[in-house]
Amino acid sequence: MKKKIIKIGFFCLLGVVGLWLSACNQPYPRPYGYYRIDLTEATYKKSKTDIPCSFDCSTQAEITPNSYRKDQKNWIDISYPKLNANIHCSYKSITPAEFRKITEESRELVYKHTIKAESINERLFENADAHVYGILYDISGNTASPTQFFLTDSVSHFFRGALYFNNLPNFDSIQPVYEFIHKDIIQLIESFSWKN
């Protein structure tokens with residue numbers, strides 16, 4: 001009988017100590033977890049489009065007609081299905097008189113992001129041999145479009161692109177994918193040429 005009382009007392013004491021230890025834990029905030037995205041090494045192929053230009057495009061991307069502007073034959077999407085991102089591109093044939101207006105419109109579209117942007121950096125590109133000149137805009141912060149660019153010969157051709165992710169902008173979570181696609185955009189710009 002004495003052993004039975006000792007066993008019951010021991011288990012009661014063990015239960016009280018267990019409850020006391022579990023009740024003392026203070027809740028603490030845990031960081032958000034993000035999906036791991038395995039990015040492969042970038043490889044490129046020449047673009048095949050109906051618009052009068054050519055550029056290197058990632059083999060992980062698909063070039064399709066723009067899904068929002070199907071009536072515009074010179075609008076294309078460079079889609080990254082596995083990365084949930086698109087580069088919306090448009091081509092316009094221009095005259096020298098329209099050049100200033102269309103570049104200013106492009107700049108205004110970029111600077112509409114100043115509400116959310118922490119900074120907007122402009123980077124000039126020039127390939128005089130191919131008659132390709134342009135500006136790449138890097139928009140830092142939680143903006144809808146972190147990168148935009150335009151390319152032109154300043155006489156008759158104008159090509160514009162804007163990167164969009166198909167989710168809410170949270171730069172911390174998309175940064176690795178953004179950096180990967182940003183390199184592809186640089187490759188696109190540096191390999192860009194006009195078709196005659």
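The values are calculated or read from the model by the stated rules, or taken from the named source; none is laboratory data. Every value quoted in this text rests on a predicted model; they were computed, and no experiment measured them. Glycine also receives a Cβ, built like all others from the backbone with ideal geometry; neighbour counts cover every protein chain displayed.
Brief remarks on what is shown
- Residue within the range 40-61 that is of a type in the set (S, T, N, Q), at pLDDT below 90 and part of a strand (DSSP E or B) present: no
- Count - residues of the range 146-185 that are hydroxyl-bearing (S, T, Y) and closer than 28 Å to A97 by Cβ: 3
- Test: residue in the range 123-139 that is modelled with pLDDT under 95, in contact with a Pro (Cβ under 7 Å, 6 or more places away or on another chain) and among the aliphatic types (A, V, I, L, M): yes
- In the range 116-130, the residues that are under 15 Å from R160 (Cα atoms) and among the aromatic types (F, W, Y) form Cβ pairs under 8 Å with partners that are exposed (fewer than 14 other Cβ atoms within 10 Å of the Cβ) and modelled with pLDDT of 95 or more, at six or more places apart or across chains, as follows: F125/E190.
- Residue identified as in contact with a Lys or Arg (Cβ under 6 Å, 6 or more places away or on another chain) and not charged (D, E, K, R) among N142, N127: N142
Listed here are the residues, each with its yes/no results for (1) under 24 Å from Y68 (Cα atoms); (2) in contact with a Phe, Trp or Tyr (Cβ under 8 Å, 6 or more places away or on another chain).
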{"residue": "Y80", "(1), (2)": "yes, no"}
{"residue": "L83", "(1), (2)": "yes, yes"}
{"residue": "K112", "(1), (2)": "yes, no"}
{"residue": "I115", "(1), (2)": "no, no"}
{"residue": "N121", "(1), (2)": "no, yes"}
{"residue": "F158", "(1), (2)": "yes, yes"}
{"residue": "N170", "(1), (2)": "yes, no"}
{"residue": "K183", "(1), (2)": "no, no"}
{"residue": "L188", "(1), (2)": "yes, yes"}
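- Set side by side, the residues F158, F165 differ, and just one is in contact (Cβ under 8 Å) with a residue 40 or more places away in the chain and either farther than 29 Å from K82 by Cβ or in contact with a Pro (Cβ under 6 Å, 6 or more places away or on another chain) (or both), which is F158.
- Residue satisfying all of: in the range 62-76; of a type outside the set (A, V, I, L, M, F, W, C) and modelled with pLDDT of 85 or more; farthest from H157 (Cα to Cα) among these: E62
- Taken over the range 143-187, the criterion of being more than 21 Å from T114 (Cβ to Cβ), of a type in the set (S, T, Y) and touching a strand residue (DSSP E or B) at 6+ places or on another chain (Cβ under 9 Å) is satisfied by T152, S154, S156.
- Selection within the range 174-184: residues that are crowded, with 17+ Cβ neighbours inside 10 Å and either among the hydroxyl-bearing types (S, T, Y) or within 10 Å of the chain's Cα centre (by Cα) (or both). The member of this set that is modelled with the lowest pLDDT is I174.
- Among the residues of the range 155-168, the one identified as part of a loop (DSSP other than H, G, I, E, B) and small (G, A, S) is S156.
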